Amino acid sequence: MPSITVEPCTFALFGALGDLALRKLFPALYQLDGAGLLHEDTRIIALAREPGSEQQHLAFIAAELRRYVNDKELDEAVVERFLARLSYLHVDFLKADDYVALAEMAGSAQRVIAYFATPAAVYGAICENLSKVGLTENTRVVLEKPIGSDLESSRKVNDAVAQFFPENRTYRIDHYLGKETVQNLIALRFANSLFETQWNQNYISHVEITVAEKVGIEGRWGYFDKAGQLRDMIQNHLLQLLCLIAMDPPADLSADSIRDEKVKVLKALAPISPEGLTTQVVRGQYIAGHSEGKSVPGYLEEPNSNTQSDTETFVALRADIRNWRWAGVPFYLRTGKRMPQKLSQIVIHFKEPSHYIFAPEQRLQISNKLIIRLQPDEGISLRVMTKEQGLDKGMQLRSGPLQLNFSDTYRSARIPDAYERLLLEVMRGNQNLFVRKDEIEAAWNWCDQLIAGWKKSGDAPKPYAAGSWGPMSSIALITRDGRSWYGDI
């Protein structure tokens, strides 16, 4: 039996027939049910604007659940138990009268968790209507990203929510924070003196953070073309990873202690000058190319595309943190669509030993690297130097890994999806894995300068072939500093 105690709740999922809910949220709730982590009295209310019979919509949700849950993890007894928790409610999110039925179904005895899998533009209206039917005092709200498209719009959304829900009952999701390897960053850094004593500018040369996607737009043109890769990935996922890597030790593991340290990192990010936009930042847009042996269209050739769009599908940049710990240590961030592989990883490059005693031709090999893989194959690998085996090898060096592959090491344990962990923590009332309002604002404040700079310069994104690692200028960005992206082939 699970050792975690979770109180019963009414889980109200707004936007229940959307892609996020069907592909991620219902499967995550199903897995929690299968693990015995949903209280037997927990109920799930699917809310959406689509009219039709409840039976029809619940049958559709059930079919999608079986589609997105791995066949090996489908247990019909759990499926039936899970589906018995579900109800469907047709709601116009902007009409207060439609919320009366939700209030009646939720009652007053249970905690309500309101999950907004909807555009951020309606968050305020949903909160106001929840308030009108008395569903605020015992309710936690969960906000999906993106929250706004810049600092100003982000503040409007957050302020609209804050009129009805205080910060301690507001949960802003960044699903990367729920990944097992990201959680291990805290343990890796602060439970191992081997790393923490050398986690600064005296011992670390530079840091790479890469989040690469093989896919293109996948029918999300309407959303993505208004956002672009900077807003969609850098402002949230990559900056959150940077914060966890760069932050100072928190006073304790409480939510606010951790988030206080992350905010300090964001506020210490050096602004990128207009001149720096040409040397420190590269943005690109994929053109036709090949992926997995197949020809794929360019961004401007995708269905329903605007052929004049200058939205970026790739960003690489150098970020610098103005504090003692990281003075002079560049952080290279890179993310894009239509890359050669799906990859999310952090590479910590340690400095060479100050006194070198081996053969001169091997000097470039002398470098320890800590590689933290988020996907695929979550795990941690430390590359160390050892001597080649053999009587004829002398003191020839080789680089090899000391590694922890989660799927291999914990063969009996299933690695949970990020959303499973995040939903469970909302039910437990734990905000450690969620983003505070001032974090969002500090990240937008830094990103807004880049957006404004691009707009002012009028420079178009650099083209790169689908299936490549981005524009050639992204390689120049890091080689200019005498370095290269780790693992590119």
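The values are calculated or read from the model by the stated rules, or taken from the named source; none is laboratory data. This is a predicted model, so every value here is computed, not measured. We place every Cβ from the backbone using ideal geometry, glycine too, and count neighbours over all the protein chains shown. Quick note on the areas: whole protein, heavy atoms, side chains included, nothing else; ligands and nucleic acids left out. Shrake-Rupley method; radii C 1.70, N 1.55, O 1.52, S 1.80 Å.
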Inset, instruction - Check off (1) without any contact (Cβ under 8 Å) to a residue 60 or more places away in the chain; (2) surrounded by fewer than 15 Cβ atoms within 10 Å (Cβ to Cβ); (3) not polar (S, T, N, Q) for residue 7 and give me the number that stays unchecked. - result: (1)
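For (1) over 28 Å from residue 425 (Cα atoms); (2) over 22 Å from the mean Cα position of the chain (by Cα); (3) of a type in the set (A, V, I, L, M, F, W, C), each residue gets a yes or a no:
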site	(1), (2), (3)
151	no, no, yes
155	no, no, no
168	no, no, no
186	no, no, yes
198	yes, yes, no
202	yes, yes, no
213	no, no, no
Inset, instruction - Could you figure out which of (1) at pLDDT 80 or above; (2) surrounded by 14 or more Cβ atoms within 10 Å (Cβ to Cβ); (3) under 28 Å from residue 482 (Cβ atoms) isn't true of residue 358? - result: (1)
Legend entry - Residues located in the range 137-151, provided they are modelled with pLDDT of 95 or more and charged (D, E, K, R): 140
Inset, instruction - Just name the residue that is farthest from residue 233 (Cα to Cα) out of those in the range 168-187 that are at pLDDT below 90 and either open to solvent by 20 Å² or more (accessible area, probe 1.4 Å) or of a type in the set (S, T, N, Q) (or both). - result: 187
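Does residue 351 meet the test of being open to solvent by 50 Å² or more (accessible area, probe 1.4 Å) and within 21 Å of residue 372 (Cβ to Cβ)? Please lay out each step first, then the result.
On the way: open to solvent by 50 Å² or more (accessible area, probe 1.4 Å): yes; within 21 Å of residue 372 (Cβ to Cβ): yes.
Taking the combined requirement at face value, the residue satisfies it.
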Inset, instruction - For residues that are in contact (Cβ under 8 Å) with a residue 12 or more places away in the chain, in a helix (DSSP H, G or I) and open to solvent by 30 Å² or more (accessible area, probe 1.4 Å), tally how many sit in the range 99-120. - result: 3
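Scan the range 154-195 for residues that are among the charged types (D, E, K, R), in a helix (DSSP H, G or I) and under 21 Å from residue 256 (Cα atoms) and report the count.
If we filter the range 154-195 for residues that are among the charged types (D, E, K, R), which is where we start, we get 155-156, 159, 167, 169, 172, 174, 179-180, 189.
Pick out the ones that are also in a helix (DSSP H, G or I) and you get 155-156, 159, 167, 169, 180, 189.
Those still in the list that are under 21 Å from residue 256 (Cα atoms) too: 155, 159, 167, 169, 180, 189.
The number of residues fulfilling the criteria is 6.
Out of the residues in the range 42-70 meeting the condition of being among the hydroxyl-bearing types (Ser, Thr, Tyr) and surrounded by fewer than 16 Cβ atoms within 10 Å (Cβ to Cβ), tell me which one is nearest to residue 84 (Cα to Cα).
Looking only at the range 42-70, we keep the residues that are among the hydroxyl-bearing types (Ser, Thr, Tyr), and these are 42, 53, 68.
Those still in the list that are surrounded by fewer than 16 Cβ atoms within 10 Å (Cβ to Cβ) too: 53, 68.
Numbers: 53: 16, 68: 19 Å.
Filtering first and then ranking leaves 53.
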Legend entry - Filter pass, residue 156 being touching a helix residue (DSSP H, G or I) at 6+ places or on another chain (Cβ under 6 Å) and open to solvent by 20 Å² or more (accessible area, probe 1.4 Å): no
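Yes or no: residue 272 among the aliphatic types (A, V, I, L, M) and under 20 Å from residue 372 (Cβ atoms)? Reasoning before the result, please.
Numbers: among the aliphatic types (A, V, I, L, M): yes; under 20 Å from residue 372 (Cβ atoms): no.
For residue 272, the condition - among the aliphatic types (A, V, I, L, M) and under 20 Å from residue 372 (Cβ atoms) - is not met.
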Legend entry - Any chance residue 123 is part of a helix (DSSP H, G or I), within 30 Å of residue 223 (Cα to Cα) and more than 31 Å from the chain's Cα centre (by Cα): no
Inset, instruction - Kindly indicate whether any position in the range 332-343 is of a type in the set (Gly, Ala, Ser), modelled with pLDDT of 95 or more and surrounded by 13 or more Cβ atoms within 10 Å (Cβ to Cβ). - result: yes
Legend entry - Qualifying positions in the range 426-436 - assigned to a helix (DSSP H, G or I) and either in the same structural domain as residue 238 (by the TED database) or buried (at least 19 other Cβ atoms within 10 Å of the Cβ) (or both): 426, 427
Inset, instruction - Enumerate the pairs (first residue in the range 446-459 and assigned by the TED database to the domain that holds residue 243 and among the hydroxyl-bearing types (Ser, Thr, Tyr); second residue anywhere and modelled with pLDDT under 95 and assigned to a helix (DSSP H, G or I)) with beta-carbon separation below 8 Å, excluding pairs fewer than 6 apart on the same chain, so at least 6 apart or on different chains. - result: 457/277
Inset, instruction - Could you tell me whether any residue of the range 19-34 is of a type outside the set (Phe, Trp, Tyr), on the phi < 0 side of the Ramachandran plot, touching a helix residue (DSSP H, G or I) at 6+ places or on another chain (Cβ under 8 Å) and open to solvent by 60 Å² or more (accessible area, probe 1.4 Å)? - result: yes
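One residue is enough: does the range 159-167 have a residue meeting the conditions under 30 Å from residue 281 (Cα atoms) and open to solvent by 10 Å² or more (accessible area, probe 1.4 Å)?
No, there is no match, as no residue in the range 159-167 is under 30 Å from residue 281 (Cα atoms) and open to solvent by 10 Å² or more (accessible area, probe 1.4 Å).
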